[in-house]
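Visitor: Pasting a structure here, questions to come.
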Amino acid sequence: MKILLENIEMLHTTPMGTDRIRKNLSLETDDPVKWCIDVIKSGKAVIERKGKNYYITDDNCIITVNAHSFTIITAHKSKSF
């Protein structure tokens, strides 16, 4: 969705969110927010807004972002991954 992409620089998460994203996706990166931004900007991701959240889906994962605060709530592997 256009609003999320226009405000991509506002994307952030909490320290607990950082740990949760790393754990759920088995990431070894020091910056999971940047990793999520790269997925969103890749052009392959599908962005849907359902209620108060955006759900960003690509071949490997689903990222949940609060639509008002642009906080990454969680990310997890998609069932096909």
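Visitor: Under a Cβ-only charge scheme (Lys and Arg +1, Asp and Glu -1), can you give me the dipole magnitude of the range 2-77 about the Cα centre, in debye to the nearest 20? Present the calculation step by step, with values, prior to reporting the outcome.
Guide: Numbers: 11 positive and 10 negative charges, 64 e Å.
Computed charge dipole of the range 2-77: roughly 300 debye.
Visitor: For the range 22-39, in order, what is each residue's ³J(HN,Hα) by Karplus, 6.51 cos²θ - 1.76 cosθ + 1.60 with θ = phi - 60°, in whole Hz (x at glycine and Pro)?
Guide: 4, 5, 5, 9, 6, 8, 10, 7, 7, 10, x, 5, 4, 4, 5, 4, 4, 4
Visitor: Could you check what % of the DSSP bridge pairs in the chain are antiparallel, to the nearest 5?
Guide: Numbers: 15 of 16 bridges.
Bridges in the chain are about 95 percent antiparallel.
Visitor: Given the alpha-carbon gyration tensor of the range 14-81, what are the semi-axes of its equivalent ellipsoid in whole angstrom, ordered largest first, with each equal to the square root of 5 times an eigenvalue? It would help to have the intermediate numbers written out before the result.
Guide: Working: eigenvalues 55, 44, 24 Å².
One finds semi-axes of 17, 15, 11 Å for the range 14-81.
Visitor: For a quick check: with amide H placed at 1.01 Å from N, whose amide H comes under 5 Å from N53's, ignoring anything fewer than 5 positions away on the same chain?
Guide: A67
Visitor: When the chain is modelled as a GNM with alpha-carbon springs shorter than 10 Å, which of I37, I56, I21 fluctuates the most?
Guide: I37
Visitor: So for V65, V46, fewest C-beta neighbours within 10 Å to most, what's the order? If you can, show how the numbers build up before the last one.
Guide: Values: V65 24, V46 9.
By the 10 Å Cβ count, ascending, the order reads V46, V65.
Rule-based calculations on the coordinates, nothing more; no lab input. These numbers were taken from a predicted model, which means no experiment stands behind them. Cβ: placed from backbone, ideal geometry, glycine included. Neighbour counts: every protein chain shown.
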